[in-house]
Amino acid sequence: MTPLKLLVTLGALGAASHAMAWDYVLLDTDKAAQPWQITSQQLGVKTDKPFSVTLRTLHGGRQEGVSVVDIDNGTLKLSVVPTRGMNVLQASVGDVRMGWDSPVKEVVNPAFIELNGRGGLGWLEGFNELVTRCGYEWVGHPGMDNGELLTLHGRAANIPANKVTLHIDEKPPYAITLRGELKEQAFKKVDFSVQTELVTEPGSVTFALNDTLTNNGDYPKEYQALYHSNFSTPFLEQGARFAAPVKQVSPFNDKAKGDLADWQTYRGPTKDYDETVYNVVPYADAKGDTLTVLHNKAGSLGVSVGFNTSTLPVFSLWKNTDTQGQGYVTGLEPGTSFSYNRRYQRPLGLVPTIAPKEHKQFQIHYSLLADKGAVDKALKRIDTIQNGQKTEVRQTPLVDLSKP
Amino acid sequence: MTPLKLLVTLGALGAASHAMAWDYVLLDTDKAAQPWQITSQQLGVKTDKPFSVTLRTLHGGRQEGVSVVDIDNGTLKLSVVPTRGMNVLQASVGDVRMGWDSPVKEVVNPAFIELNGRGGLGWLEGFNELVTRCGYEWVGHPGMDNGELLTLHGRAANIPANKVTLHIDEKPPYAITLRGELKEQAFKKVDFSVQTELVTEPGSVTFALNDTLTNNGDYPKEYQALYHSNFSTPFLEQGARFAAPVKQVSPFNDKAKGDLADWQTYRGPTKDYDETVYNVVPYADAKGDTLTVLHNKAGSLGVSVGFNTSTLPVFSLWKNTDTQGQGYVTGLEPGTSFSYNRRYQRPLGLVPTIAPKEHKQFQIHYSLLADKGAVDKALKRIDTIQNGQKTEVRQTPLVDLSKP
Amino acid sequence: MTPLKLLVTLGALGAASHAMAWDYVLLDTDKAAQPWQITSQQLGVKTDKPFSVTLRTLHGGRQEGVSVVDIDNGTLKLSVVPTRGMNVLQASVGDVRMGWDSPVKEVVNPAFIELNGRGGLGWLEGFNELVTRCGYEWVGHPGMDNGELLTLHGRAANIPANKVTLHIDEKPPYAITLRGELKEQAFKKVDFSVQTELVTEPGSVTFALNDTLTNNGDYPKEYQALYHSNFSTPFLEQGARFAAPVKQVSPFNDKAKGDLADWQTYRGPTKDYDETVYNVVPYADAKGDTLTVLHNKAGSLGVSVGFNTSTLPVFSLWKNTDTQGQGYVTGLEPGTSFSYNRRYQRPLGLVPTIAPKEHKQFQIHYSLLADKGAVDKALKRIDTIQNGQKTEVRQTPLVDLSKP
């Protein structure tokens, strides 16, 4: 296909070729999501392996009308769900899968979910992603705050993206950027928009999220964010380990106290285990960057989750090492806050405020650590950040959950 | 149309011709529900009367996007609603209609219903079917159980079917089978799937439901099922009668006590009657099969509802003989349970458990009894099952509803 | 285009040409809303300025699948939202806009709103229209009544219209009438239908709503209606004024008491003002017609809202003169009732009953007052209705909100 023909073809699909990049509108007010694909071959780009981006729509059941964007960067395959807060459904490199097997098999259209159902746990009817955005009005367990039932982990994961665009750099390394805007708006209540951004480069085993929360309103507003990043096998297994530069760790609740001594190692699938959660305050480098790692028992395979602590100062380690069928999964969760209901987090100083027109940026990097060398390098980076500084292991939860 | 041409045509529609049957996928993850029809003529099948199956989509109002499958077996016309739990909207033979006239005129897309609204009675905003599936996590009146508001009659009727397939036997009697899968899933809460099946044969005045509930989870789970089968005129009228082999009958509540003496006969449309409900424990034959009948005053027209008591051991008779406009209707409701909130049914032993990976089958047969002969034959069958065994008429409800 | 060709073309679009009018079905059970337009040129109609009616569908975010009908009468442009209760999203004449800037920027599909969320304030997630229908089972602030949570301002604004038709008179002044039916139905609870009607004439700066509520049920039912008509700049500004023939005015609550002396004048955008509301009982003429006016400080630009007090006997003036970003807006709200929860309005006699099969008509006229002459004429009409009759200024609210 000649460049000229290309432009003609893309024009019909809402694309525009700028000086330095190809830009495509995948979804907008006047543009329905429709089957579509662009490939490196079509763009006339030569990379080691061809890459592509595909838009498709799911049908049937509670996934009727859900849009999915599949990004294959040649090495890493990613699926992003515009209809569900631009969540990252799954990622894989070859047969190594980042993500987990939730009992929820459908990619559920928020139209079919009542977040206020199940006592505020309706969110659980759609939860199955690798990265589930939580926020931005609130995060945490359901419960009353200021006379209102806050539903589990806020609304973000159940807000369909308003405008979805794809941007591919025209020069090496041909970075692929998928953007989608979430509007979290209610008269008198909230006027947030979130410009989500996912970036990956052809051939790499990493992707990054760069989200920008804007308070469009005229008043300062409380907000919270938490990136619920969920992994299972082959990373998670008996003897798998979690590593991070830790300033403070504490058990989320009384149950987690019991396993505190082993908080950095994992059990195999364990009947009736349910979950334990540990609240972590990480150390970071001078720029505020920090790194966390989950790796298998042998230390030969892992994932790293890096984030900037200037806006994501705390971290929850969710160890849901119950049976495979119940959901054998661990969550690495950078956040403004822990997973308590918002009313418990105010006294902890973990309910920040965003000023009118202010922007807050949340940056998280995800990498596959494909071999021992990669795992060791990441662990070394953690050591460097820890730099011999002390870790406080709190024996008791930060919050007395017996108090309302 | 030659067989060859047929295959070509059907191929484009997702059909596949097997040795002994025609199979069609009407709806699946990668296949949207679209206008479609297959007829016995197209299949080259000769039956006494031609049959057909048609897929259509409703628009406007709260029925936007609702799929309906119309099965005309040549004698009996059935409408099934994939978008609403594969419920049977209505059935008719000539101008004899099985079903009723609900004030709810739309076939409501669950996307527009809040089951948690109206104090857990949101279900009433979509209730208008001949057969409404109730379950499978729970059935019964709304109320708190284990700290959660259980909404009226569970979620099944408001779960869109995930995959819908049509199967037509290639040899006489050319049985027509429509299947649709419901997923009832929530992380940590439930992992059920229900393979629904509706079968009818060309020319017959009967259809059967054969549903299979599977607990995909790793833990035993409580479940409940109730098949809310609703009839009105011409079966229901003043002096119409209900018959069944009855081991025990009891009034649902204090109101039903008053009419207990006449529990098997019906009033005409009665202002301010609202409803009375009777809890029935039926006798069954050696295989567990039992039969219930509703017939008009003259005994010249009726319907029978047969079911297997191994999984559906109890039965509710719902007598909503209020005015036509309010909904003049009676429900013949085989179930695992009565219609009390789940918390009341545990002590009655009516909240069964399904083991991990276990299947539970629910089989219900519906027949039009088109004349006195058919009615008498069904009543005789009931007599045979009763076989002179005693009926206990309990004067008081099984449950003290004044207790929380 | 010749008339003959026109008919052929329109035929494919569901149009029918009657003797005296053109009629089009825009949306119905068997007709999806699809891009469509009709223009005066196509109809062969000569008016001073050409007129047109356009149907479009919005995509992306929570507005996925929302239908909008744009009526351009040559002078006045109107947008009506079938998917949201046939609400009038906005209207404009040249660059004079009737309507306001809500923080809610999307035209939200009710499928994505939980009215029961936010303690019954879920309605606020979609509120951004010029005219938002409130009712018809109830209006008012959320709260319990008869054991049920009544959500803010009822369901009407979040009921998608069932059947939408366009009617254009074939003779001058070629009145354009858009109709859409809302079904508000729940078994045992309510069986209302509302035939909404919006009428405008080519070249005029006015439009009228003529809604007919029908109780299809067999029992008398309580109902309430309120037409939440919302305006901002250029009408609303510091020193802007409200005028009406007032029999009684009272502050809605304690907060409104403070500004009672200035209840008919407006502040500019005022930080932390939130809102004050005044309850007005208007005088009307012998036919029951009354008129209310909002005009700018100079009295050179305004809007009038006229209505018939036989069915809309009271009026709320909502003064939400907070900042522009928070929503600088005033509501002129004719109603059966004020904005209290229904339980407070029964003792005030403001919860009327509609008999079985009875119809209630609600007629509201909206006019742009484009210059001082038009404003003065409207104010004079108000004087004529007031006719020197006394205004009771109640110092205290009609309702003691401290009582449950």
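The values are calculated or read from the model by the stated rules, or taken from the named source; none is laboratory data. These numbers come from a predicted model, not from an experiment. Reconstructed Cβ throughout: ideal geometry from the backbone, glycine too, with neighbour counts over all protein chains shown. The protein model used for the area step is the full one, side chains on, heavy atoms only, and it has no ligands, DNA or RNA in it. Shrake-Rupley method; radii C 1.70, N 1.55, O 1.52, S 1.80 Å.
Computed quantities for the displayed model
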read-out	value
Single residue of segment B:210-241 satisfying the filter (outside any strand (DSSP E or B) and within 14 Å of chain A (Cβ to nearest Cβ)) that is nearest to B:S367 (Cα to Cα)	B:N216
Qualifying residue in segment C:181-189 (condition: under 20 Å from the mean Cα position of the chain (by Cα) and among the small types (G, A, S))	no
Cross-chain or 6+ apart pairs with Cβ under 8 Å, segment A:354-368 first and in contact (Cβ under 8 Å) with a residue 12 or more places away in the chain, then open to solvent by 60 Å² or more (accessible area, probe 1.4 Å)	A:I354/A:P220; A:A355/A:P220; A:P356/A:P220
Failed criterion for B:V88 (all others in (1) farther than 28 Å from C:R62 by Cβ; (2) within 14 Å of chain C (Cβ to nearest Cβ) hold)	(2)
Residue match in segment A:240-253 (condition: under 30 Å from A:P173 (Cβ atoms), of a type in the set (A, V, I, L, M, F, W, C) and touching a His at 6+ places or on another chain (Cβ under 7 Å))	no
Matching residues in segment C:91-144 - criterion: being facing another protein chain (nearest Cβ under 10 Å), of a type in the set (S, T, N, Q) and free of Cβ contacts under 8 Å to residues at least 60 places away in the same chain	C:N109, C:N116, C:N128
Qualifying strands (runs of 3 or more DSSP E) (wholly inside segment B:145-209; at least 3 residues being within 14 Å of chain A (Cβ to nearest Cβ) and within 14 Å of B:T83 (Cα to Cα))	B:176-186
Lone unmet requirement of (1) without any contact (Cβ under 8 Å) to a residue 12 or more places away in the chain; (2) among the small types (G, A, S); (3) under 19 Å from B:W318 (Cα atoms) for B:G147	(3)
Qualifying residue in segment C:72-84 (condition: touching a Phe, Trp or Tyr at 6+ places or on another chain (Cβ under 9 Å) and closer than 15 Å to C:N230 by Cβ)	yes
Among residues of segment B:218-254, those that are under 16 Å from B:L350 (Cβ atoms) and among the hydroxyl-bearing types (S, T, Y), counted	3
Residue in segment C:303-312 that is more than 24 Å from C:Q345 (Cα to Cα) and either modelled with pLDDT under 95 or open to solvent by less than 20 Å² (accessible area, probe 1.4 Å) (or both) present	yes
Unique residue being more than 14 Å from chain C (Cβ to nearest Cβ), open to solvent by 10 Å² or more (accessible area, probe 1.4 Å), farther than 29 Å from B:K380 by Cα and of a type in the set (V, I, T) when the list is B:T353, B:T323, B:T270	B:T353
Those residues of segment C:127-160 which are buried (at least 24 other Cβ atoms within 10 Å of the Cβ) and among the polar types (S, T, N, Q), in sequence order	C:N128, C:T132, C:T151, C:N158
Flag for A:V277 being within 27 Å of A:R381 (Cβ to Cβ), under 23 Å from the mean Cα position of the chain (by Cα), within 14 Å of another protein chain (Cβ to nearest Cβ) and in a strand (DSSP E or B)	yes
Lone unmet requirement of (1) crowded, with 23+ Cβ neighbours inside 10 Å; (2) out of contact with any Pro (no Cβ under 6 Å at 6 or more places or on another chain) for A:G180	(2)
Residue ID - farthest from the chain's Cα centre (by Cα), chosen from residues in segment C:231-265 that are open to solvent by 10 Å² or more (accessible area, probe 1.4 Å) and hydroxyl-bearing (S, T, Y)	C:T265
Per-region count, segment A:273-301, residues touching a Phe, Trp or Tyr at 6+ places or on another chain (Cβ under 6 Å) and open to solvent by less than 10 Å² (accessible area, probe 1.4 Å)	4
Qualifying residue in segment A:196-215 (condition: open to solvent by 10 Å² or more (accessible area, probe 1.4 Å), closer than 30 Å to C:P269 by Cα and of a type in the set (G, A, S))	no
Those residues of segment C:26-53 which are part of a strand (DSSP E or B) and either touching a Ser or Thr at 6+ places or on another chain (Cβ under 9 Å) or open to solvent by less than 30 Å² (accessible area, probe 1.4 Å) (or both), in sequence order	C:L26, C:L27, C:D28, C:W36, C:Q37, C:I38, C:T39, C:S52, C:V53
Residues that are part of a loop (DSSP other than H, G, I, E, B) and among the hydrophobic types (A, V, I, L, M, F, W, C), drawn from segment B:128-144	B:L130, B:W138, B:V139
